[in-house]
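Working notes, beginning with the structure itself.
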Amino acid sequence: MLTHQPPPGHAEHSGRLQAVLDALDGMPLDRREAPYASREALERVHPGRYIEALEPAFAEAQSARVRLDPDTFISAGSREAVYRAAGACVAAVDAVMAGDDDMAFCAVRPPGHHAEPISPMGFCIFNNVAVAALHALDAHNLERVAVVDFDVHHGNGTQTVAEREPRLMFASTHQAPLYPGTGAADETGIGQNVVNAPLPAGAGSATWRRAMETRVLPALDAFAPQLILVSAGFDAHKADPLAQMELETEDFAWAARELRALALKHCQGKLVSTLEGGYDLAALAGSASAYLAALQRD
Ligand SMILES: [Zn+2]
């Protein structure tokens, strides 16, 4: 996934993933290679015609970078990266459901939560977390899976999937107004299975934690998921250059403890987190390692 190379100067570059991998070096983790996602797993979210239409672009990208949308590019390494990013999330669900361990973190790029079923968007090509969620529902016969998305941007693609799948809950905190422009509080899905907590630019720890404590966590508790997935983007950090929220590194550790507690209450601790955004390398590395350290501490 390091070989997926948007043009020089692009915010979503391989140094992000390298910074996360470096930060996790030395932590007590059982590291596993990310397999390719199967066609069957991808097709639960993305129609076959979308998956097939990417192939000529991947072929063209072998010789020159291809632009899929205003912000989304593919290079020679991108086909492998996108298949492994989605595959990591599927494999993490399988490992957690098999009881190998109760938690997993998918250190992946490109991110996925903006990818719509039929279009790449906002650095994302396959919606990694949505593919994992529908795999959990269908391949593991679950009835309730939740995705919590604390990336500073709204996970529009994941919400689109939840809006047609009542077994999936999607709950998001995000800055608004900000890209991609979706995620208003009155977007509530099917029978309230979508929970959006938009927050203004400048919102910091207290505001964000209040939104989590009053909107996201109670809804998650009421839904009683059998598995919790987390779109773990760290770009709400105050140092991030792509947004204007003001979270501290410690806020991500707090979120980890809150989510871990609900996972222990409802799903034997089953919690799969996947990397989404985070564009200040030091803040990304510090926040991701604080999040994982807090998950492991109990
Ligand atoms: Zn983001």
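What list of whole percents do you get for P(r) of the range 1-155, with Cα-Cα distances grouped in 10 Å bins up to the one holding the largest distance?
Histogram of Cα-Cα distances, whole percents per bin: 11, 41, 36, 12, 1.
Give, as a single signed number, the net charge of other residues whose beta carbon lies under 12 Å from the beta carbon of D94, with Lys and Arg counted +1 and Asp and Glu -1. Write down the numbers at each step before the final one.
Numbers: positive: R32, K270; negative: D100, D101.
Net local charge, D94 excluded: 0.
When ligands, DNA and RNA are left out and all protein chains stay put, how many square angstrom of accessible area per residue does the chain have with a 1.4 Å probe? Let's see the in-between values first.
Numbers: 11110 Å² over 298 residues.
I get 37 Å² per residue for the chain.
Can you sort F123, F58 by 1.4 Å-probe accessible area, starting with the largest? Each step should come with its number before you reach the end.
Details: F123 35, F58 5 Å².
From most exposed to least exposed: F123, F58.
Hey, what number do you get for the chain at 222 nm if only DSSP H runs of n ≥ 4 count, each worth -39500 (n - 2.57), divided across all residues, to the nearest 500? Write down the numbers at each step before the final one.
Working: 10 runs with 116 residues, N = 298.
Here the helix-only value at 222 nm equals -12000 deg cm²/dmol.
Within the chain, which whole H helices from DSSP have a Cα span along their axis of at least 15 Å and a mean Kyte-Doolittle hydropathy of 0.0 or more, if any? If you can, show how the numbers build up before the last one.
Working: long enough: 14-24 (16 Å, 0.59); 48-60 (19 Å, -0.14); 78-97 (28 Å, 0.76); 128-139 (16 Å, 1.23); 249-266 (27 Å, -0.28); 281-296 (22 Å, 1.31).
Qualifying helices, which must be both long enough and hydrophobic enough, are 14-24, 78-97, 128-139, 281-296.
What is the sum of charges, Lys and Arg at +1 and Asp and Glu at -1, for the other residues whose Cβ falls under 11 Å from the Cβ of L178?
After counting each charged neighbour, the total is -2.
I want the local charge near L54. Using Cβ-Cβ distances under 14 Å, sum +1 for each Lys or Arg and -1 for each Asp or Glu among the other residues.
Residues close to L54 contribute a combined charge of -3.
Which of rounded, prolate, oblate describes the chain, given a ≥ b ≥ c as roots of the alpha-carbon gyration tensor eigenvalues and a/c under 1.5 marking rounded, otherwise prolate only if a/b is larger than b/c? Could you put the intermediate results ahead of the total?
Working: a/c = 1.30, a/b = 1.19, b/c = 1.09.
In terms of gyration-tensor shape, rounded.
Quick check on the chain: of the DSSP beta bridges with both residues there, what percent are antiparallel, nearest 5%?
On the way: 5 of 32 bridges.
Counting only bridges with both partners in the chain, antiparallel ones make up about 15 percent.
Please check the chain for the longest run free of GluC sites (Glu not before Pro) that are loop-located per DSSP (anything but H, G, I, E, B) and have at most 11 other Cβ atoms within 10 Å. Kindly include the intermediate steps, with their values, before the conclusion.
Numbers: sites that count: E33, E143.
It works out to 144-298.
When the accessible area of the chain is split by element with a 1.4 Å probe, what percent falls to carbon and sulfur? Show your work: numbers first, answer last.
Details: 5780 of 11110 Å².
The value for the chain is 52 percent carbon and sulfur by accessible area.
The values are calculated or read from the model by the stated rules, or taken from the named source; none is laboratory data. Predicted, not measured: the structure shown is a model, and the values here were computed from it. No Cβ is skipped: glycine too gets one built from the backbone with ideal geometry, and neighbour counts run over all protein chains shown. Protein only, heavy atoms only, side chains kept; ligands, DNA and RNA dropped before computing areas. Shrake-Rupley method; radii C 1.70, N 1.55, O 1.52, S 1.80 Å.
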